[in-house]
Structure formats: C-alpha cells, structure tokens
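The values are calculated or read from the model by the stated rules, or taken from the named source; none is laboratory data. Just so it is clear, the model here is predicted, and its values are computed rather than measured. For neighbour counting, all protein chains shown are included, and Cβ atoms are generated from backbone atoms with ideal geometry for every residue, glycine included. Please note that ligands, DNA and RNA were not included when accessible areas were found on the heavy atoms of the full protein model with its side chains. Shrake-Rupley method; radii C 1.70, N 1.55, O 1.52, S 1.80 Å.
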Amino acid sequence: MIPDTTEVYKLISEIRNSLDYLSETGCQGFDCSPDCLERVMNWGGGGDVIPVPEPLENITQDLGDCVRCRLSKNRHRIVFGTGNPDARLMFVGEGPGSEEDQQGEPFVGAAGHLLTKIIAAMKHTRDEVYICNIIKCRPPGNRNPEPDEIETCLPFLRRQVQAVQPEFIVALGAVAAQTLLDTNLPISRLRGRIHDYQGIKVMPTYHPAFLLRNAERKRDVWEDMKKLMKEMGIE
Ligand code: URA
C-alpha cells in the first residue's frame, strides 16, 4: 500500500518538532544535532526514491495561529510568504511592516513596491519568485526583531527554504543576511558577493526600505542584482 504523503509529512513534522524540542531542552539521549534533524526532514526519500520536498501547506498548518513568542500579542496577521512554491529565486526580508500585518502578505507596502520594481528589473514577476521574511509577525513599532524572536521563528523559514528548494536567495538587509549566513558582519561587508546557505547561492543586498531613505544606494543594489543575474544565466 502506498502511504498518504500528507500523513507521512505530518508524522515527519511531528517527529522533527519533538526532536527540536528535545534539542532545545538540552536532551543528550538522542542525536539532536542539526545534521540529524536535517536527515529526519529528508526521510521518505531513502533508497532510489527521489525525496519529495515538504508541501508549504504543511508548514502553515504547523505554524497555526502561532503564539510561540511575544510578537503574537500585537500582530493582526501572520505573514507566511507568497509566490511560486517551486521558485528558482527566493527573496528573504526581515519581517512584516504595518501594511503587511494588515494584508497578511509580505512586501506590499512602500518597500514592497520598490522590491516589485527590483524583481521586474531582474526580468521576473512576483508570481515567479518566492517572497518571505525571517520572522512572520510584525514587531511593534517596526522595531528590529529580538534574537529570541528570530530563533523561535527560524525553523519555519528553514522549512520554507527546504520546501521551495530555490537555487538562489536574495537576502534583503542586515537581519536577513546575518541570520541566514550566521554572521555579525555588517550588510555593507556582506553585499556584493555570493555566499552559501545549505548549498543555495545567497546574494545579500540592502533592504528596499533602506533604499527609500538612501536613494544613492540603489546603484549598489543594481550592481548586486546584475551579478546575481549573471550567475543565474539571465541576459
Ligand atoms: N520589510 C520586510 O522586511 N518585509 C516585509 O514583508 C515588508 C517590509
């Protein structure tokens, strides 16, 4: 009998959550290393069976009406992500702003309009790429997310990346770049060259909201995108 894949993913996801929890509580009785958790995520693809990526719906289901951190108190809507679930190119921002919090979609405010133009300049549409954020709920007053808020939300982004399996990621701004690349280096040092995140090519660049206040930096972002387009084989 062929098992129902949704059920299998649910089971894997429950096992993974339990291992994550054990790992967080310092359990040493199991191998809770990132390597092992990664392997668990890839279960279902053993032998000559090609692993099937987890559906994004599974992740939204697990996220539920999340109250895992304090940001749930003030948010109106969880902003999960939008776009092509099989995208070759993914954009990762910091976290929802007020407009996104109202609409439940990432990058729909002023910074989002600029991002849409950047995507168009890269000869893509919003529907062709995948857009999401490091954290899924708006921090009050648009403050930067706290490290513990990022840590709580990060497993969901990791799963999103594994589900979409993009070849390329644009990390928008310091929070996205530093979180994905696990570094404290400033965005000015990270931008302009390709980095690696789990085998995916990552181009960090300035955040569109920063560009709205510092228009003279748009040239740098365009240089970064041109480099990335060359890497992607876009003429
Ligand atoms: N800024 C972000 O980083 N993400 C959004 O979704 C909107 C603004």
Among the trypsin sites (Lys or Arg not before Pro) in region 161-235, which ones are in a DSSP loop with at most 16 other Cβ atoms within 10 Å of the Cβ? Mind listing them? R193
Portion, in percent, of the accessible area of region 42-172 that falls on carbon or sulfur, probe 1.4 Å: 49 percent
Among K136/K227; K73/K136; K117/K226; K136/K201; K117/K218; K136/K230, which pairs are too far apart, with a Cα-Cα distance over 20 Å? K136/K227; K136/K201; K136/K230
Under 15 Å, Cβ to Cβ, from N84 - net charge with Lys/Arg +1 and Asp/Glu -1: -3
V52 and L181 label points (each 7 Å along its Cα→Cβ direction) are spaced in nm at 3.6 nm
Where labels lie 7 Å past Cα in the beta-carbon direction, separation of K226 and H113 in nm: 2.6 nm
Rounded to the nearest 0.05, FRET efficiency between Q61 and N142 (Cβ-Cβ, R0 30 Å) equals 0.60
Between E99 and E38, Cβ-based FRET efficiency (R0 35 Å, step 0.05) works out to 0.50
Distance in nm between A215 and E235 label points, each 7 Å along Cα→Cβ, equals 3.3 nm
